[in-house]
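The structure under discussion appears below in the form of structure tokens.
Values in this text are rule-based calculations from the coordinates and carry no lab data. Just so it is clear, the model here is predicted, and its values are computed rather than measured. Ideal geometry is used to build each Cβ from the backbone, glycine not excepted, and the neighbour counts take in all protein chains shown.
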Amino acid sequence: MTVPVFRFAPSPNGALHLGHAYSALRNYSMASAVGGRFLLRIEDIDTTRCTPELEAAIYRDLSWLGIEWEEPVRRQSEHLADYTEALERLIEAELVYPSFMSRGEVRAYIADREADGTTWPRDPEGAPLFPPVDRSRSESERRRRMEEGEPCAWRLDVEAALAYVARPFFWEEGGNGPEGETGPIAAKPGLWGDVVIARKEVPTSYHLSVVVDDALQGITHVVRGRDLFHATAVHRLLQELLGLPVPHYHHHALILGEDGRKLSKSRGDTGIAALRDAGAAPGDIARMVGLQATA
């Protein structure tokens, strides 16, 4: 019988807040309820914002909440070779392409089209889809620019990827999406366009690293915020392309601020450490997010 494996995977780029506490406690309690394992993963590929001090604060906050995790903790920055291997497989299969356009060039391209009356497509989060400029470059131009040392990201050619899979695919949703979606969900990664698979400065992105990590760690249940519901379509596509196992997904409601917006790490009033310093106990935090204390 397979032992269920849950994980909590924060990024050490700011202080944990009540939303993180809710997700961590949900994962921990769900794992405990079924006799499963609970893993902690540090998603620190953003080398410009992630710091050892913030990582240490994560351990301190989670421990204070009564959460225990298995050792060793997987730190993404120590496993870049795993992501590079997956990226090389996608390159070899011609399912990704080098992307040279800067953010400014992308904005200017889209602004020019919209000025001409074009309604530019948006992804589920409202961001404009990446233009087809880099995808349409010749192989000789790509090779020349890379040989000259021009920085490039790698983007998924979603049209080629869907043709490669050549069949519908789904995920089992144990929670629900923004519109109450539940049960088997048909994945529609095309809504995201050609997403970044590897950045210019690091050989991976959130989308690639999360599916590789979940597979290597044997994660069976991904319990996370509803803001990542639609991104699961991209993750399912990558799992199909790379032949990775598919976890059960459970997207939970978000803890919102008094203004009704998703909590931010910049909001000190909802930070776990700030609440602890103000005299809150672990049980208070659990009750504030609608859960019972873990101990």
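According to the Cα-based calculation, Rg over Rh for segment 126-281 is 1.05, with Rh computed by the Kirkwood formula.
By how many nm would the segment from residue 278 to residue 63 grow when fully extended, if each residue of separation counts as 0.36 nm and the alpha-carbon distance is taken off?
On the way: separation 215, 0.36 × 215 = 77.40 nm, distance 1.76 nm.
Here the answer is 75.6 nm.
For segment 109-150 versus segment 1-32, the inter-centroid distance based on Cα atoms is 36 Å. Inter-part distance, segment 180-208 to segment 229-243, computed on C-alpha centroids, equals 6 Å.
Might you report the magnitude of the Cβ-based charge dipole of the chain about its Cα centre, with Lys and Arg at +1 and Asp and Glu at -1, to the nearest 20 debye? Before the final figure, lay out the partial values.
On the way: 33 positive and 44 negative charges, 84 e Å.
Dipole size: approximately 400 debye.
Amide hydrogen proximity for residue 157: with H placed 1.01 Å from N in the peptide plane, the residues at 5 or more positions away or on another chain lying under 5 Å are 96, 97. Under 5 Å between amide H atoms, partner at least 5 residues away or on a different chain: which partners does residue 75 have, H built in plane at 1.01 Å? Those lying under 5 Å, H to H, from residue 75 are 42. The H on the amide N of residue 37, modeled in the peptide plane, is under 5 Å from the matching H of 5, 6, each at least 5 residues off or on a different chain.
Taking 0.36 nm per intervening residue step and subtracting the Cα-Cα distance, what contour gain separates residue 159 from residue 147 on full extension? Mind dumping the intermediate values first?
On the way: separation 12, 0.36 × 12 = 4.32 nm, distance 2.65 nm.
Here the answer is 1.7 nm.
Annotation: the antiparallel percentage among DSSP beta bridges lying fully within segment 154-295 is about 55.
The stretch between residue 119 and residue 248 holds 42.8 nm of extra length on full extension. This uses 0.36 nm per residue minus the Cα-Cα distance. Neighbours of residue 31 by Cβ distance under 13 Å: Lys/Arg scored +1, Asp/Glu scored -1, total +1. Shown in residue order for segment 29-37 are the 3J(HN,Hα) couplings computed by the Karplus curve 6.51 cos²θ - 1.76 cosθ + 1.60 at θ = phi - 60°: 6, 5, 5, 5, 5, 10, x, x, 9 Hz (x for Gly and Pro).
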